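> Okay, here's the structure, questions in a sec.
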């Protein structure tokens, strides 16, 4: 985590509750300033930006946010337009919808909007993302990889993400799509990287001090590979099964926290 | 592991190759004495004993086993018949097919056949089981529990298994059905118990000295909970998500071994 970061990330595993208590989206609103929040909905990930954008506008309106902008950026030319940059500069919270994480990075990467997002985050706004919007937050992101499979190197495709959170790789829809294998594969390739698997209707809020707290109905699985004693990740053939020994795993439900700097889980009562 | 055990277990994660090299079934035959093996196919788990039994007879015949008996036991009365006991006493290897693990234990538990099986195993035969036949081998077995779900206590049902292997709980079709959550739940309930998740077309051969070796195309996931620093397993409400911190995980492909007594993985080259 860079020292100068002032912002907060809310990384959501997809399929967050949108009709009940809306606990996670409510948390996004709260962190972004409550009723005074100036929210921007970024639909770059989805191929149905209008429908998805309006859906979230309706929900955030129900949660009493007064200022809501939808940014349906569908080209890199648009992503360099000054009016979009100003909207981001004026916001207190950005919400990335689901879709395809490669759409986010290929549309926005290196543009003026991208630069404005990074600066706004350093300055102290909230950046939230669900599903693809969650994956895109890390420096290196998982793009593709078989679910419900034993860990194998060749099923995993990664790409450079938005780099809002360093030294971690995030996976979403985690338990629901059986993605432990592909997250283990990602961690094996560089055990310095912490794996964070976020279940549906579950989120982590990452504070500037490197502490995250879990919200929502399911769990967050943290895969710490630093103590790995052996892996065949470099020498195994592409279709061969991976070997990994001595991985440390934490499963954290709502209220639990994790210290990304010290890499230790914290119980709800502890401080 | 009891000191007096002489037998070998082959615990198979289901869907083992039956048409290609048949690596796992070939291993079963080899351990049971090769062409001189006297194999017994136990179909108690399945509701289609004739079809399943004949299927395995054909395969084992192709693998050059000369003496093959199929035991289609479908009642506890049959499971007490002396002729079945004699067949087991005369065997060098028993193969449990897939189906429902509760059928195995509810049909055989406490009968003369069950007793004969235990004695034959202590004496030194091979007992193999695939899918339900794999689950039934441990002292406590997983009967039911949601796959592709975050770990939750209430989705997990366990029952007393055949007790051929102590202090472990086995799960099968592991990666393919996304069962890490339910295995973690099982381990959280008593972290003394080692969790062993076996993928499809993958098996472990457990020797009398407590070492197992991995065979087949996928991986075996070992969940060691002894170092768990915190779990809410006892106080959480049934539908609540489980918390587990500091679990140790090993992912082992073919050729890797694991020492059940010392709980350490061994690389193929090491000894």
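Just so you know, all these numbers are worked out from the coordinates, no wet-lab data involved. The structure presented is a predicted model; accordingly, all values stated were derived computationally and were not measured. Please note: Cβ atoms are built from the backbone with ideal geometry, for glycine as well, and neighbour counts cover all protein chains shown.
> Provide a whole-number value for the mean count of partner chain Cβ atoms within 10 Å of the Cβ atoms in peptide B:215-222.
Other-chain Cβ atoms within 10 Å of each residue's Cβ, averaged: 4.
> Taking Cα pairs under 8 Å and at least six residues apart, what relative contact order does chain B come out at, in percent?
19
> Please compute the average number of Cβ atoms from other chains found within 10 Å of each residue's Cβ in peptide B:142-151.
Across B:142-151, the average partner-chain Cβ count within 10 Å equals 4.
> Quick one: label points 7 angstrom along Cα→Cβ at residue B:6, distances to the other copies in nm, smallest first?
7.7
> Arrange the peptides A:169-180, B:205-216 so that the one whose residues have, on average, the most other Cβ atoms within 10 Å appears first.
With the highest mean Cβ count within 10 Å placed first, the list reads A:169-180, B:205-216.
> From the square roots a ≥ b ≥ c of the eigenvalues of the alpha-carbon gyration tensor of region A:8-261, which class results: rounded (a/c under 1.5), prolate (a/b over b/c), or oblate?
prolate
> Between 0 and 90 degrees, rounded to the nearest ten: what's the tilt of helix A:112-123 against the longest Cα principal axis of chain A?
The angle comes out near 80 degrees.
> Can you list the copy-to-copy distances for residue A:50, using a point 7 angstrom from Cα toward Cβ, in nanometres, shortest first?
6.2
> When the helices in the protein assembly as shown are scored as -39500 (n - 2.57) per DSSP H run of 4 or longer and the sum is shared across all residues, what 222 nm value do you end up with, to the nearest 500 deg cm²/dmol?
Roughly -7000 deg cm²/dmol at 222 nm, from the helical runs in the protein assembly as shown.
> Out of the DSSP beta bridges found with both residues in the protein assembly as shown, what percent are antiparallel (nearest 5)?
On the way: 69 of 115 bridges.
Counting DSSP beta bridges with both partners in the protein assembly as shown, the antiparallel share is about 60 percent.
> Nearest 5 is fine: what % of DSSP beta bridges in region A:8-261 come out antiparallel, could you say? Intermediate results must be reported in sequence, preceding the final value.
Numbers: 29 of 52 bridges.
Percentage antiparallel, nearest 5: 55.
> For chain A, find the longest principal axis of its Cα atoms and tell me its angle to the long axis of helix A:180-189, 0 to 90°, nearest 10.
Taking Cα atoms only, the helix is inclined about 80 degrees.
> Once you order the gyration tensor axes a ≥ b ≥ c over the Cα atoms, which shape class does region B:37-81 get: rounded for a/c under 1.5, otherwise prolate or oblate by comparing a/b with b/c?
oblate
> Which whole-angstrom value gives the distance between the alpha carbon centres of region B:61-114 and region B:1-46?
Here the two parts' Cα centres lie 13 Å apart.
> In cubic angstrom, how much convex hull volume per residue do the alpha carbon atoms of region A:1-124 span?
Output value, Cα hull per residue: 105 Å³.
> Run the numbers on region B:1-92 and let me know its relative contact order in percent, using alpha-carbon pairs under 8 Å that are six or more apart.
Values: 94 pairs, mean separation 25.9, N = 92.
Value for region B:1-92: 28 percent.
> Let me ask another. Taking the label point as lying 7 angstrom from Cα along the Cα-to-Cβ axis, what are the distances from residue B:263 to the corresponding position in the remaining copies, in ascending order and in nanometres?
Its label point is 2.0 nm from the equivalent points in the other copies.
> Also: What's the average, rounded to a whole number, of partner chain beta-carbon atoms within 10 Å of each residue's beta-carbon in B:189-199?
1
> With the Cα gyration tensor of region A:61-159 giving a ≥ b ≥ c as the square roots of its eigenvalues, does the rule (a/c under 1.5 for rounded; else a/b larger than b/c for prolate; else oblate) give rounded, prolate or oblate? Please list the in-between numbers first.
Details: a/c = 2.33, a/b = 1.73, b/c = 1.35.
Prolate shape, in that a/c is at least 1.5 and a/b is the bigger ratio.
> Continuing with this model, one more query. So for the protein assembly as shown, Kirkwood radius off the Cα pairs, Stokes-Einstein at 10 °C and 1.306 mPa s: how many µm² s⁻¹?
The estimated diffusion coefficient comes to 64 µm²/s.
> Report the Cα centroid-to-centroid distance between region B:152-190 and region A:203-246 in angstrom, as an integer.
Measuring centre to centre over Cα atoms gives 22 Å.
> By Cβ position, which chain A residue lies least far from the axis that rotates chain A onto chain B, and what is the distance to the nearest whole angstrom?
Smallest Cβ distance to the axis, with its residue: A:178, 1.
> Here's a follow-up. For a quick protection proxy, order the peptides A:12-19, A:54-61 by their average other-Cβ count within 10 Å, most packed first.
Going by the mean number of other Cβ atoms within 10 Å, highest first, we get A:12-19, A:54-61.
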